[in-house]
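Have a look at the structure below, then the notes.
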Amino acid sequence: MPVPRLSPSNWRILVAFLGMAVGALVVMAASSWPRYSAPGNAGTLGASFGAAKTDRYRVVTRMAPDSPLVAMDVKVGDLVRFDSTSDDFRSQFESDFEKGEAIGVRVRSPAGTRHVDVAAGAAPGRTVAEKALFLAALVTSFLACLIAVAIGMRQAMPPVRFLVLALFLVSIDFSVGSIPAKPIADLITTNFSIVFVAVYLFFAYFCVTFPDGPVGKWRKRLRRSLAFFAVFALIYGPLSALYRAGWIHEPAPPVISRLFAIGLVTVSLAGLVLGWRETTGIGRTRMAWVGLSMGALFMSYGVNNLLLALGTGGLGNYNGVVPAIAMCGLAYALLRHRLFDAGFAINRVLVYAVISGTLLLGFGLLEWLTHKVVHFESPWIDAGLAGFVFLAFHKVRDAAERSVERLFFHEWHRREQELRRFVKEAAFFLSPAALLEGFHAALQRFTDGAACDFYMRREDGGFRLLYAGGDRPISLDKDHPVCVALRAERAPVLLDGAHRLGTTELAVPITHRGVIDGIALLGLKPNGQSYRPDEMEVLGFAADAVGMDMHALEVEHLRGELAQAKAEASALRSLLDARVTVVG
């Protein structure tokens, strides 16, 4: 599969455009909530239809006595073909129309073929399970779009680009059938097969290529296998779109697309497992969370397609709930564990934006339901209710933000403040050895007890290990890959590949005015989590401050030695002068 050639800036423009377009689709899908929430808004044809034939006709398998199709002289066993592809999709769910909505249908019966326009009749109220499934689809669409924007605006690596595109397509997938604007709904439904094959293919490509770097032979074989699936997708997707538009007969039986999905799900999950085994540290953490969230989503897709291919029926309600849980898991990982370096500030803004948006939606629905159930005649009561909602919203929002602060950011702030307090106190140490010992303790507190050691600079420019032992070399040449990387970055460096030093995870330069005086080596944290970009930034700040303080102690020590040398020289000079005077 060709690697995208977009520059990072153009990629961000594309992500912003897709975010706005897909976000608009999610908002339109959410606007169809009234037809799910009240019996008076939902509409139905009062009939069930079989699977589509090669010419898109469906057989009428059941019809209620009050079905609007009865008045059109449609009978069980007749064949119907919907004019709109979105109507054809929604016909698979009996109450997915709006009451009074005009639906064009071509009917084929023993008496001949004719066209009729049917007005959807009133449907019974939705069950709690059906409402929950609709909300789960909205949650999946909203979070998939939001996460795609958050990742895409910060990352431009080819594997991550394909994950971002897959997330946008997942968001579109779960909006199908809920968009009220029929031209847009028809366009999406007609091209649904292209969305279907693309989302599987993009995610599979991400799974077998992320993270960047050397890969094992089995992942290389998985990469090569994607060529077959890509060729199939390029042929099957457009032909299926032409079929849904009514221009050609069905290009392949549905079981073919099911097998395609099952095959790519298998490749994706195998790629995630192999990638997790081949990576360490932060790469392994990312692979684990992506595997648990997106892997669970596509696993449900695979099982659903397998059951449909076997003719035993799909997962039903579970196929709508699992993706919502998976998106929540990925959102939690993005915010809690800073996956893909979305940025601490951006993460914080996203958290509070989601909280405020969710509470606004909840209070809006509460107010709407209150007016639907209870009718007030007095404007004073309405004004009092509005004031209560306004005050209650701020109270609830503040409580929710405090809870989220404790959940997502409290521990991080506590450890950061402890490290910054040490940095403030570091200027008052009186010896370099005591300063290094204190820095060692501060780093262990910040990292929850991760292994920590120091290399200090020698006169020849190399570095010696402060405490010999472990699986690290006793000394590092000045041109060792780690030393070169630290001089080039002037910032903490994650150690992998040629930079690996035993079980060390992170190298932090201890500098003064750009000169590296030492290297702090940190192992993997005891909880198995790797160092996030925001943690690395704070560690770099602390090491720079300690480096300046160490240099100041050395300068002070040199000044003391110089003063002592001057005093000794003065005393020696006085002694010589006295002897010369005696001899003279």
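The values are calculated or read from the model by the stated rules, or taken from the named source; none is laboratory data. Computed from a prediction, not measured in an experiment: that's the story for all the values here. Because the Cβ atoms are built from the backbone with ideal geometry, glycine has one as well, and the counts that use them run over all protein chains shown. Surface areas here come from the heavy atoms of the whole protein model, side chains and all, with no ligands, DNA or RNA. Shrake-Rupley method; radii C 1.70, N 1.55, O 1.52, S 1.80 Å.
Brief remarks on what is shown
- Index of the failed condition, G152 passing every other in (1) farther than 15 Å from A21 by Cβ; (2) crowded, with 19+ Cβ neighbours inside 10 Å: (1)
- Restricting the first member to the range 42-57 and to residues that are closer than 9 Å to A122 by Cα, and the second to residues that are aromatic (F, W, Y), the beta-carbon pairs closer than 9 Å and six or more apart or on different chains are A42/Y36; A42/F97; G43/F97; T44/F97; L45/F97.
- Identity of the residue in the range 539-584, farther than 30 Å from R421 by Cα and either in contact with a Ser or Thr (Cβ under 6 Å, 6 or more places away or on another chain) or among the hydroxyl-bearing types (S, T, Y) (or both), that ends up least open to solvent (accessible area, probe 1.4 Å): S570
- Under the condition of being free of Cβ contacts under 8 Å to residues at least 40 places away in the same chain and either of a type in the set (A, V, I, L, M) or open to solvent by less than 60 Å² (accessible area, probe 1.4 Å) (or both), the residues counted in the range 247-261 number 4.
- Looking only at residues in the range 16-52 that are part of a helix (DSSP H, G or I) and modelled with pLDDT under 75, the one that is most open to solvent (accessible area, probe 1.4 Å) is P34.
- Any hit, the range 213-221, residues being closer than 27 Å to I262 by Cβ, of a type in the set (K, R) and open to solvent by less than 30 Å² (accessible area, probe 1.4 Å): yes
- Restricting the range 101-131 to residues that are modelled with pLDDT of 80 or more and in a loop (DSSP other than H, G, I, E, B) leaves a set whose member that is surrounded by the fewest Cβ atoms within 10 Å (Cβ to Cβ) is P110.
- Restricting attention to the range 186-203, the residues that are open to solvent by less than 30 Å² (accessible area, probe 1.4 Å) and either at pLDDT below 80 or within 17 Å of the chain's Cα centre (by Cα) (or both) add up to 3.
- Meets criteria (buried (at least 19 other Cβ atoms within 10 Å of the Cβ), charged (D, E, K, R) and without any contact (Cβ under 8 Å) to a residue 40 or more places away in the chain) for D173: yes
- The residues of the range 53-100 that are open to solvent by 10 Å² or more (accessible area, probe 1.4 Å), of a type in the set (A, V, I, L, M, F, W, C) and not in a loop (DSSP other than H, G, I, E, B), listed by number, are V59, M63, V70, A71, M72, L79, F89.
This table checks each residue for (1) at pLDDT below 85; (2) under 30 Å from A185 (Cα atoms); (3) of a type in the set (K, R); (4) not in a helix (DSSP H, G or I).
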{"residue": "W218", "(1), (2), (3), (4)": "yes, no, no, no"}
{"residue": "A227", "(1), (2), (3), (4)": "no, no, no, no"}
{"residue": "V231", "(1), (2), (3), (4)": "no, yes, no, no"}
{"residue": "L234", "(1), (2), (3), (4)": "no, yes, no, no"}
{"residue": "L239", "(1), (2), (3), (4)": "no, yes, no, no"}
{"residue": "P251", "(1), (2), (3), (4)": "yes, yes, no, yes"}
{"residue": "I256", "(1), (2), (3), (4)": "yes, yes, no, no"}
{"residue": "T266", "(1), (2), (3), (4)": "no, no, no, no"}
{"residue": "W276", "(1), (2), (3), (4)": "yes, no, no, no"}
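- Each residue in the range 132-149 was checked for being open to solvent by less than 20 Å² (accessible area, probe 1.4 Å) and of a type in the set (F, W, Y), and 1 of them qualify.
- Boolean, A270 is modelled with pLDDT under 75 and either over 25 Å from L146 (Cβ atoms) or part of a helix (DSSP H, G or I) (or both): no
- Contact map, the range 126-149: first residue at negative phi and β-branched (V, I, T), second residue modelled with pLDDT of 80 or more and buried (at least 21 other Cβ atoms within 10 Å of the Cβ), Cβ cut-off under 6 Å, separation 6 or more or different chains; pairs are I147/L167.
- Filter result for A442 (assigned to a helix (DSSP H, G or I) and free of Cβ contacts under 8 Å to residues at least 24 places away in the same chain): no
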